[in-house]
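Here is the structure we will look at, set down as structure tokens.
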Amino acid sequence: MTMQTPTKPAKKPVGPIRGFFKGISSLLKGMGVTFKYFVHPSTVVTQQYPENRETLKMPDRARIRLSMPHDENGYHKCTGCHICEDACPNRSITVVDRKNATTKRQEIDHFIWRMDSCTFCNLCVVVCPFTALKMHGDFENSVYDRRLLIYNLNRYAGPAAPALAKIEDPEERKRNIDERGVYSGLIPMNGSAIAGVRACGKPPESEKVRVTEDDIKGESP
């Protein structure tokens, strides 16, 4: 003996009059939200970009751009330990280190970040034992050439801030650091091809891009 599954009764088609009033009801609900925002403009959640560019503030936890904060003296905390590089799930970070000629200790030479392949997972910031990295909300990063999204984060090559603070002689401190630019190092804009990105012709020394305060947005501690 087989049992038949009861079938649901077919829905009755909506008549034209009922459909008309249902549409009007739906329209009034939507217009009610719009009228609420019109009467109480402070409750509007939509950002009027780019008109509000001067006052727009991204959330503190926004993950849009990786940076290496530098203190008031222009020193960073990165020691070149490679922990962030090992934690990156898709190899968007490349840390190039060197040996200090005087102390023979390991120090950072270039910190290369590929924004073009970064997933903004924040793992590099979380695992850094020296709080040398930070994600901030600078979202205006559109470019016409993807090679411009691969750049160097450290302004100088040399010891981290705590080690430099121990050097009392200012001249000796200067001899321990070398200036680095946003597009210096083993990156396409400096003549080095990397996986999936062809190299740009290596620029002459006089045309190399130097880091400025405008280039490093939001990198204060």
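The values are calculated or read from the model by the stated rules, or taken from the named source; none is laboratory data. In this text, all values refer to a predicted model and were calculated from it rather than measured experimentally. Virtual Cβ from ideal backbone geometry, glycine too; neighbours counted across all protein chains shown.
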Could you list, in sequence order, the residues of the range 152-172 that are within 16 Å of residue 103 (Cβ to Cβ), without any contact (Cβ under 8 Å) to a residue 12 or more places away in the chain and not hydrophobic (A, V, I, L, M, F, W, C)?
-> 166, 168, 169, 172
Residue among 128, 118 that alone is within 21 Å of residue 195 (Cβ to Cβ), assigned by TED's automatic domain parsing to the domain that holds residue 172 and surrounded by 17 or more Cβ atoms within 10 Å (Cβ to Cβ) | 118
State which residue pairs qualify: first residue farther than 14 Å from residue 139 by Cβ and inside the range 55-75, second residue at pLDDT below 90 in any location, beta carbons under 7 Å apart, and separation of 6 or more residues or different chains.
-> 68/219; 69/219; 69/220; 69/221; 70/219; 71/221
How many residues, within the range 140-169, are assigned to a loop (DSSP other than H, G, I, E, B) and either outside the structural domain of residue 192 (by TED's automatic domain parsing) or of a type in the set (S, T, N, Q) (or both)?
-> 3
Any hit, the range 184-200, residues being modelled with pLDDT under 85, basic (Lys, Arg) and more than 20 Å from residue 98 (Cα to Cα) = no
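Name every residue in the range 132-151 that is under 16 Å from the mean Cα position of the chain (by Cα) and free of Cβ contacts under 8 Å to residues at least 60 places away in the same chain, in order of residue number. Don't jump to the end; show me each part of the working.
Applying the first criterion (under 16 Å from the mean Cα position of the chain (by Cα)) to the range 132-151 yields 132-143, 146-151.
Once the filter is applied, which keeps residues that are under 16 Å from the mean Cα position of the chain (by Cα) and free of Cβ contacts under 8 Å to residues at least 60 places away in the same chain, the range 132-151 yields 140, 142, 143, 146, 147, 148, 149, 150, 151.
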Can you pull out the residues in the range 104-128 that are in a loop (DSSP other than H, G, I, E, B) and under 13 Å from residue 160 (Cα atoms)?
-> 105
May I ask you to list the residues in the range 87-107 that are β-branched (Val, Ile, Thr) and over 18 Å from residue 192 (Cβ atoms)?
-> 102, 103
On the given criteria, is residue 167 in contact with a Gly (Cβ under 8 Å, 6 or more places away or on another chain), under 18 Å from residue 73 (Cβ atoms) and surrounded by 12 or more Cβ atoms within 10 Å (Cβ to Cβ)?
-> no
